[in-house]
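Asker: Pasting in a structure now, in structure tokens, and then I'll have a few things to ask.
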Amino acid sequence: MIEVKNITVKIKKETILKDVSYIFEAGKIYGLRGRNGAGKTMFLRALAGLIRVSSGRIVVDGEVLGENIDFPPSLGLLIENNNLAPEFSLTKNLKLLSQIKKVATDDDIEQTIARVGLTTNDSRKVAKFSLGMKQRGAIAQALFEKPSLILLDEPTNAIDQKGVIQIRELLAEEAQRGATIILASHNLEDLTLLADKIIDLSDGEIVSDV
Amino acid sequence: MVQITKYQIVICFILSTLFVIGQQLTHETPIYLMNQSTITYVQQIALLVSQLTPFILIVGWEERMQTGQGLNYFVRHKNRLQVMIKSYLHSTIIVIVTTFAIILSQIFLTKQTGIDYRWLGVICFYVMWHLLQRIVESYFSSVSGLAMMVGMIGFGLFVKTPILLPILFLFGRFSELNTCKTIIMLMIITGLYAGLGYIYRKKQVI
Ligand SMILES: Nc1ncnc2c1ncn2[C@@H]1O[C@H](COP(=O)(O)OP(=O)(O)OP(=O)(O)O)[C@@H](O)[C@H]1O
Ligand SMILES: [Mg+2]
């Protein structure tokens, strides 16, 4: 469970998030909606610990971000760009990342690559991937350690129609497993089909949730 | 993780060894430990190139950190301090490996029996320099860090006014290194690490 308590984020006097409070429960999918510049990405960054809040608290399973932990302990993250090292294959990318936490096995890596619809023994560098393949790879990166919190910024960008359906099924499975999923999207269909709750952000404030 | 690749280490070794061999063919004293006021411009340029080698490698590595796996890499750690220590230790290692390559090839070529203790000062100097640059970079921008790095090298090599002597010591008068200065540098290094850690923890956006 993630409790967001009255967080405000200011960068150089500009207020990016204003007094945002929310409780995210395990096993649910939340959709973030809002116009360009509404603060969706910044909200995800704050939840990931990549930006410090100016006031308020983010509590992840009882631990306050920025106190004894800086990042949620079990997190899968995809923010804006694909963030994979272009000079390595996808498998190598995931293997290198898996060395940090050592919670995922080679099997987990292979399975996740297959689940996002890519071929498991593809030795090509990520640089040679198509845009949609990179995006699928980035989703695999966010999911392969079976994290309990999954933050995805526009995950279905650049993915073909069949792939979008595949990714939606995948996310539904992850939620069934008990993960909390928060995704920002401009794709209304993604949000209405997937999300248990849709949160509307406008100028850094939550204006409604349905 | 990916930061230091095998290739980087190999490049470090080759470049520094080439540098030493080239230099050794013409001079007896290692160029780092020569009195700087007596070395020629050709030697200064050789020094410049060799000093740049480890830093260029580090910049390449940092780039990858930031543009490549940056965010995914960060959030898999417990806290920011852990990220900082890990990543800066890696780049410190590059600096040390390069200097060691120079020392080893120097010893090999001159068939020395012992290590000139002043080399320790050279290593400290590199590490210190690197940390200073990183602090500027984390605090302001990566461009300022790069500018500082290049500026320092040019400054240290080409400006020789007496007023600047104390600063020049920092910038490369290796010939005047001694135990006392090395200890001072070790203390400064510790302080710089603490400073970096502090900046990393306090930084709002990473
Ligand atoms: N690094 C930054 N420093 C300062 N301000 C920033 C930074 N990144 C974004 N902002 C500002 O924060 C606000 C929210 O931006 P954010 O990226 O969260 O929007 P978004 O809802 O994700 O938009 P989009 O739909 O275009 O992705 C914007 O006003 C933007 O200008
Ligand atoms: Mg965005």
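The values are calculated or read from the model by the stated rules, or taken from the named source; none is laboratory data. Note that the coordinates shown come from a computational prediction; the quantities given were computed from them, not determined experimentally. No Cβ is skipped: glycine too gets one built from the backbone with ideal geometry, and neighbour counts run over all protein chains shown.
Asker: Against the condition away from ligand 1 (no atom under 16 Å from the Cβ), within 14 Å of another protein chain (Cβ to nearest Cβ) and touching a helix residue (DSSP H, G or I) at 6+ places or on another chain (Cβ under 6 Å), how does residue A:73 come out, does it pass? Spell out the reasoning first.
Answerer: Numbers: away from ligand 1 (no atom under 16 Å from the Cβ): yes; within 14 Å of another protein chain (Cβ to nearest Cβ): yes; touching a helix residue (DSSP H, G or I) at 6+ places or on another chain (Cβ under 6 Å): no.
Answer is no for this residue.
Asker: Taking the condition of being within 10 Å of another protein chain (Cβ to nearest Cβ) and either more than 15 Å from ligand 1 (Cβ to nearest atom) or more than 17 Å from the chain's Cα centre (by Cα) (or both), how many residues in the range A:29-64 meet it?
Answerer: Residues meeting the conditions: 4.
Asker: Could I ask something else about it? So, in the range B:176-206, exactly how many residues are in contact (Cβ under 8 Å) with a residue 40 or more places away in the chain, more than 14 Å from every other protein chain (Cβ to nearest Cβ) and of a type in the set (A, V, I, L, M, F, W, C)?
Answerer: So the count comes out to 7.
Asker: What number of residues within the range A:163-191 satisfy the criterion of being touching a residue at least 12 places away in the same chain (Cβ under 8 Å) and over 22 Å from residue A:80 (Cβ atoms)?
Answerer: Residues meeting the conditions: 5.
Asker: A further question on this structure: Just to be sure before I move on: is residue A:80 closer than 26 Å to residue A:45 by Cβ, touching a Ser or Thr at 6+ places or on another chain (Cβ under 7 Å) and more than 8 Å from chain B (Cβ to nearest Cβ) in the structure I sent?
Answerer: yes
Asker: Something else about it: Could you pull out the residue among A:80, A:67 that is at pLDDT below 90 and under 18 Å from residue A:181 (Cα atoms)?
Answerer: A:80
Asker: Something else about it: Only one of these conditions is not met by residue A:26: (1) touching a Ser or Thr at 6+ places or on another chain (Cβ under 7 Å); (2) within 16 Å of ligand 1 (Cβ to nearest atom). Which number is it?
Answerer: Unmet condition: (2).
Asker: So the check is Cβ under 7 Å with 6+ separation or different chains; which pairs have a first residue in the range A:10-21 that's within 12 Å of another protein chain (Cβ to nearest Cβ) and a second one that's of a type in the set (Val, Ile, Thr) and within 16 Å of ligand 2 (Cβ to nearest atom)?
Answerer: Going by the 7 Å Cβ cut-off, the qualifying pairs are A:10/A:16; A:11/B:205; A:16/A:9.
Asker: Criterion first (within 16 Å of ligand 2 (Cβ to nearest atom) and without any contact (Cβ under 8 Å) to a residue 24 or more places away in the chain) does residue A:68 satisfy it?
Answerer: Values: within 16 Å of ligand 2 (Cβ to nearest atom): no; without any contact (Cβ under 8 Å) to a residue 24 or more places away in the chain: yes.
It is false that residue A:68 is within 16 Å of ligand 2 (Cβ to nearest atom) and without any contact (Cβ under 8 Å) to a residue 24 or more places away in the chain.
Asker: Using the structure shown, decide if residue A:128 is among the basic types (Lys, Arg) and within 14 Å of chain B (Cβ to nearest Cβ).
Answerer: No, not satisfied.
Asker: Can you confirm whether residue A:96 is more than 16 Å from residue B:202 (Cα to Cα) and at the interface with chain B (Cβ under 9 Å from one of its Cβ atoms)?
Answerer: Criteria met by residue A:96.
Asker: Being aliphatic (A, V, I, L, M) and buried (at least 22 other Cβ atoms within 10 Å of the Cβ): is that true of residue A:118 here?
Answerer: no
Asker: Could you list, in sequence order, all residues of the range A:154-194 that are aliphatic (A, V, I, L, M), crowded, with 16+ Cβ neighbours inside 10 Å and away from ligand 1 (no atom under 16 Å from the Cβ)?
Answerer: A:159, A:164, A:167, A:170, A:171, A:175, A:179, A:181, A:194
Asker: So, restricting to strands (runs of 3 or more DSSP E) that lie completely within the range A:117-210, which ones have at least 1 residues that are within 16 Å of ligand 2 (Cβ to nearest atom) and at pLDDT 95 or above?
Answerer: Of the strands (runs of 3 or more DSSP E) lying wholly inside the range A:117-210, those with at least 1 residues that are within 16 Å of ligand 2 (Cβ to nearest atom) and at pLDDT 95 or above span A:149-153, A:180-184, A:197-202.
Asker: Every residue in the range A:1-50 that is among the hydrophobic types (A, V, I, L, M, F, W, C), within 16 Å of ligand 2 (Cβ to nearest atom), assigned to a strand (DSSP E or B) and in contact with a strand residue (DSSP E or B) (Cβ under 6 Å, 6 or more places away or on another chain), please.
Answerer: The answer is A:9, A:16, A:17, A:20, A:32.
Asker: So, one more: Look at residue A:86 and say whether it is within 8 Å of chain B (Cβ to nearest Cβ) and surrounded by fewer than 22 Cβ atoms within 10 Å (Cβ to Cβ).
Answerer: yes
Asker: Moving on. Test residue A:205 against the stated conditions and say whether it is of a type in the set (Asp, Glu) and closer than 18 Å to residue A:94 by Cα.
Answerer: The answer is no for residue A:205.
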